[in-house]
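Notes for the one structure printed next.
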Amino acid sequence: MGPISRCFKDQLYCMAIALLAILSGNARAQTCRTANDMDPALRTAITNAGQRYFAMAVKGDTVSLRQSAITSLASDFGGVQNTIQEHQPAMAGAQPSLKSFFLLNAEDATPNQRAEFWCGVFNKNGQTANSAAFYLDNLPPGKYAVVLIDANSPKGQVMFSEVLQQAGSDWKLGGLYIKSSQIAGHDSDWFLAQARQYKAKGQMHNAWFYYREARDLSSPLPFMTTLVTDNLYDESEAAKPTDLPAEGKAADLISGTTSYKLRAMFPQVVGNDLDLIVTYESANVSNTNIAYQDNVNVMKALLTKFPEVRDAFAAVLARAVDTSGRDYGTLLAMKDIK
């Protein structure tokens with residue numbers, strides 16, 4: 001399986017800055033350099049910029065960050081402020097550990113082009129231990145740096161990632177991504193072990209959802225793949241159920257005499273819990289009493305069809321979505337769904 005097919009097509013991540021949207025397009029490889037391939041002056045410039053912006057974020061200094069951002073990001077900075085505020089408790093007093101950084105040369109990028117950056121050494125089987133691949137579309141021409149930092153504090157562990165764009169001799173902030181590396185104290189390896197246990201028990205739906213969490217926690221960026229994420233993708237595909245909504249196709253769920261069209265099912269962190277989210281089609285959600293009852297019916301039917309998920313999730317959030325895009329959600333703990 002090639003690197004493109006291993007991209008995270010189905011992941012939902014925490015806030016991602018709009019500079020680097022993952023869209024469809026025609027592939028054309030660009031060039032990439034790892035830190036070892038850069039001259040000392042360039043390494044120092046990127047390192048200093050990355051650490052400077054990290055220090056601003058830890059302090060909650062969004063004013064200085066905005067002043068250091070490229071124009072398109074500075075003009076729409078609310079997302080950066082929100083994601084920093086959300087992760088502020090875990091980042092307070094965090095000590096940064098520079099994990100790696102890459103130089104992406106997209107000076108010949110053209111509109112509607114898919115840019116692929118293959119960084120490091122690849123072999124006939126694809127990625128190696130120290131390689132990485134980035135897949136980006138509609139990337140404006142320029143030189144970019146991706147800086148990956150692990151930030152650990154007594155209150156949490158987060159993956160702090162920056163996309164920088166070169167502006168003269170300076171490196172401006174072009175994107176900021178912050179993700180927890182754990183869920184309720186559990187990391188990617190724990191979720192992978194759980195997924196394999198569920199698979200061994202024949203609980204393929206639980207296995208599939210936990211593989212997704214393992215993959216999510218193994219990568220700091222939605223548009224980046226590594227040997228670890230590629231291997232997880234391959235392993236998870238072998239456990240992929242065929243009766244879940246996927247790739248734009250709905251799945252039917254029967255509750256009594258009513259058939260519901262499920263549009264999506266996925267795990268999501270709510271507080272310190274891992275909950276199961278299900279969205280489905282609704283004719284109209286303006287009557288909240290009816291929408292609530294439909295949500296409850298969907299939850300009950302879901303647990304009847306997939307009883308194994310009771311052991312894997314703390315709660316179910318059912319969300320009815322009508323043709324206008326309006327939605328109505330209901331969250332119930334597993335013990336309350338009877």
From the options 260, 292, residue that is in a strand (DSSP E or B), farther than 25 Å from residue 180 by Cβ and hydroxyl-bearing (Ser, Thr, Tyr): 260
Residue in region 272-282 that is free of Cβ contacts under 8 Å to residues at least 40 places away in the same chain and part of a strand (DSSP E or B) present: no
Condition met for residue 214 (touching a Phe, Trp or Tyr at 6+ places or on another chain (Cβ under 7 Å), under 21 Å from residue 274 (Cβ atoms) and either crowded, with 17+ Cβ neighbours inside 10 Å or touching a residue at least 24 places away in the same chain (Cβ under 8 Å) (or both)): yes
Pair list, Cβ under 8 Å, 6 or more apart: region 166-178 residue within 12 Å of residue 45 (Cβ to Cβ), other residue assigned to a strand (DSSP E or B) and among the aromatic types (Phe, Trp, Tyr): 166/144
Single condition residue 219 does not satisfy, out of (1) in the same structural domain as residue 303 (by TED's automatic domain parsing); (2) within 19 Å of residue 182 (Cα to Cα): (1)
Selection from region 160-211 of residues that are aliphatic (A, V, I, L, M), closer than 19 Å to residue 275 by Cα and outside any helix (DSSP H, G or I): 183, 184
Odd one out for residue 136 among (1) of a type outside the set (Asp, Glu); (2) assigned by TED's automatic domain parsing to the domain that holds residue 72; (3) without any contact (Cβ under 8 Å) to a residue 40 or more places away in the chain: (3)
Region 147-170 - residue that is of a type in the set (A, V, I, L, M) and more than 17 Å from residue 65 (Cβ to Cβ) and, of those, surrounded by the fewest Cβ atoms within 10 Å (Cβ to Cβ): 159
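Quick check on this structure: which one of 124, 143 is without any contact (Cβ under 8 Å) to a residue 60 or more places away in the chain and either farther than 23 Å from residue 38 by Cβ or buried (at least 22 other Cβ atoms within 10 Å of the Cβ) (or both)?
None of the others qualify; the one that does is 124.
Quick one: in region 126-159, which of the residues that are within 20 Å of the chain's Cα centre (by Cα) and not in a strand (DSSP E or B) is nearest to residue 219 (Cα to Cα)? Walk me through how you get there before you give the answer.
Start the filter on region 126-159 by keeping residues that are within 20 Å of the chain's Cα centre (by Cα), which leaves 131-139, 145-152, 156-159.
Narrowing the set further to residues that are not in a strand (DSSP E or B) leaves 131, 138-139.
Working: 131: 13, 138: 22, 139: 21 Å.
Step by step, filter region 126-159, then rank; the result is 131.
The values are calculated or read from the model by the stated rules, or taken from the named source; none is laboratory data. All figures in this text were calculated on a predicted structure; none of them were measured in a lab. Every residue, glycine as well, gets a Cβ built from its backbone with ideal geometry; the counts of neighbours run over all protein chains shown.
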